[in-house]
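The values are calculated or read from the model by the stated rules, or taken from the named source; none is laboratory data. Keep in mind that what you see is a predicted model, and the values were worked out from it rather than measured. Positions of Cβ are generated from backbone atoms using ideal geometry, with glycine treated the same way; all protein chains shown enter the neighbour counts.
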Amino acid sequence: MGRHALSEGINAVCVFCGSSSGAGTRYVDAATALGEHLARSGVLLVYGGAHVGTMGVLADAALAAGGEVVGVIPDGMVEREIAHTELTELHVVADMHERKALMAERADAFIALPGGAGTLEELFEVWTWAQLGLHAKPIGLLDIDGFYQPLRAMTDHMVDEGFLRASHRDTLLFDTDAARLLLRLAEHRLPRVDKWAG
């Protein structure tokens, strides 16, 4: 599998997404398009290791397009028989904390597809880590049909109310197109801002 210019800085992307498929077909379609684009760009997909919901759709699309996929799943979820067994690599870990740490370690960038509480929790953790200077990896949100616009408005409100710096808000890249978002992630450099200063 050849390498695309995109992967000069990004060789692996961690995608946060849902164990459900969402309403209608638009979220499944978005997961499919993202998986295919990652594979065709020669970018390794890192994700939560399940075969259900948009998680499974994303992984299957990447694999079908010739991509490589790394899944990371807690042991308790394997026992419920939701682990995807056809992946390039499947790592079974002790708990959610170990899962998120390994996913973050393997990735050069993060993308959140539309999802539920778990998707937001994963997104907020890597966003917080970036604010604390624990990593400098770009973070994107694939904003399908305005799904993430309420969150975008909330981050503006947090800035207005003095709980978040504008520079930290701007570390989240929102886009409606997977290919364009990946290019923006490859070009984006997180600001080095001391969260505790001034």
Could you please tell me which pairs satisfy a Cβ distance under 7 Å, a separation of 6+ or placement on different chains, a first residue in the range 31-44 that is surrounded by fewer than 21 Cβ atoms within 10 Å (Cβ to Cβ), and a second residue that is among the β-branched types (Val, Ile, Thr)? THR32/VAL57
Subset of the range 56-88, residues out of contact with any helix residue (DSSP H, G or I) (no Cβ under 8 Å at 6 or more places or on another chain) and among the hydrophobic types (A, V, I, L, M, F, W, C), comes to MET77, VAL78, ILE82
Enumeration of residues in the range 128-146 that are assigned to a helix (DSSP H, G or I) and surrounded by fewer than 21 Cβ atoms within 10 Å (Cβ to Cβ): THR128, TRP129, GLN131, ILE144, ASP145, GLY146
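One line per residue, one yes/no per condition, for (1) surrounded by 21 or more Cβ atoms within 10 Å (Cβ to Cβ); (2) over 16 Å from ALA178 (Cβ atoms); (3) not basic (Lys, Arg):
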residue: CYS17; (1), (2), (3): yes, no, yes
residue: GLY53; (1), (2), (3): yes, yes, yes
residue: GLU68; (1), (2), (3): no, yes, yes
residue: GLY71; (1), (2), (3): yes, yes, yes
residue: ASP75; (1), (2), (3): no, yes, yes
residue: VAL78; (1), (2), (3): no, yes, yes
residue: VAL92; (1), (2), (3): no, yes, yes
Check on GLY115, in contact with a Cys (Cβ under 9 Å, 6 or more places away or on another chain), under 23 Å from GLY56 (Cα atoms) and either free of Cβ contacts under 8 Å to residues at least 12 places away in the same chain or not polar (S, T, N, Q) (or both): yes
Within the range 147-162, identify whether any single residue is outside the structural domain of GLY35 (by TED's automatic domain parsing) and either within 18 Å of LEU38 (Cα to Cα) or in a strand (DSSP E or B) (or both), and answer yes or no. no
